[in-house]
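Trainee: If you scroll down you'll find the structure; I have some questions about it.
The values are calculated or read from the model by the stated rules, or taken from the named source; none is laboratory data. Just so we're clear, the structure is a prediction, and the values are computed from it rather than from any experiment. Ideal geometry is used to build each Cβ from the backbone, glycine not excepted, and the neighbour counts take in all protein chains shown.
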Amino acid sequence: MRSAFFRPLRFAILAVSPRKGRGRLKRGIMALLVTAAVLALSITAGASETGCSVEVKLDAGELPVTNGAVTLYRVGVPTDGGYRLLDRYGGGVVRSEDLSSGNLARWLSELADSGREQLLDVEGRVFFSHVEEGLYLVRQTQRMDGFWPFRVFLAEVPVGQQVLRYEPVVQPITEEPPCTGDLTIYLSVLCMALSGGGLVCCEIWNRKKRG
């Protein structure tokens, strides 16, 4: 009975004895270091695979948001000085300084076929995770109740793990439709119309003088 009682105590003393305990301690520390290194590599690999996230929150003011969806289209891959468009979008290289053009976004929107669609939540927000590096077209594919769709735009997604946030403005249908074109286009059309009208007036005046 007595020997059975002291047997676990004897094993515990041997476990921490200077001779045998040091070897076990070293092996334990090495095992912990190897485990920590494997975990660090796994976390790094997982972070590189997840990529960026894109969050789009529609700015509807104080009005409630119901229904609606937003779609994300990958239209280009990085290249020197900009992005190379995918073949389905015509190919070619787009410079980074030209990405803010609304005309380019509308033109790519006409060619968009398939993308990642997300339904808006009650706050008018969508969240796209695991987004690869590249150039993306953001378009509202389902209109919210009582609002015009927001203007399509382009989003640059860099390499790495971060969250990109965009807040496009939407207007109630009770107001005039939002302007979706550049002002220069409308000014050019107006100038052409005025020039054409002036030429017609001059021709009519010349005919009257001849008659």
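Trainee: Of these, Val126, Val163, Val157, which one is surrounded by fewer than 20 Cβ atoms within 10 Å (Cβ to Cβ), touching a residue at least 24 places away in the same chain (Cβ under 8 Å) and among the β-branched types (Val, Ile, Thr)?
Mentor: On inspection, the qualifying residue turns out to be Val163.
Trainee: Does the stretch 106-123 include one or more residues that are closer than 23 Å to Ile173 by Cα, touching a Leu at 6+ places or on another chain (Cβ under 6 Å) and of a type outside the set (S, T, N, Q)?
Mentor: Checking the stretch 106-123: not a single residue is closer than 23 Å to Ile173 by Cα, touching a Leu at 6+ places or on another chain (Cβ under 6 Å) and of a type outside the set (S, T, N, Q).
Trainee: Residues of the stretch 39-86 being of a type outside the set (Ser, Thr, Tyr) and modelled with pLDDT under 75, which ones?
Mentor: Leu39, Ala40, Leu41, Ile43, Ala45, Gly46, Ala47, Glu49
Trainee: Can you tell me which residue is surrounded by the most Cβ atoms within 10 Å (Cβ to Cβ) among those in the stretch 75-123 that are among the small types (Gly, Ala, Ser) and in a helix (DSSP H, G or I)?
Mentor: Ala105
Trainee: Another one. Does Arg139 count as surrounded by 14 or more Cβ atoms within 10 Å (Cβ to Cβ) and under 30 Å from Thr174 (Cβ atoms)?
Mentor: yes
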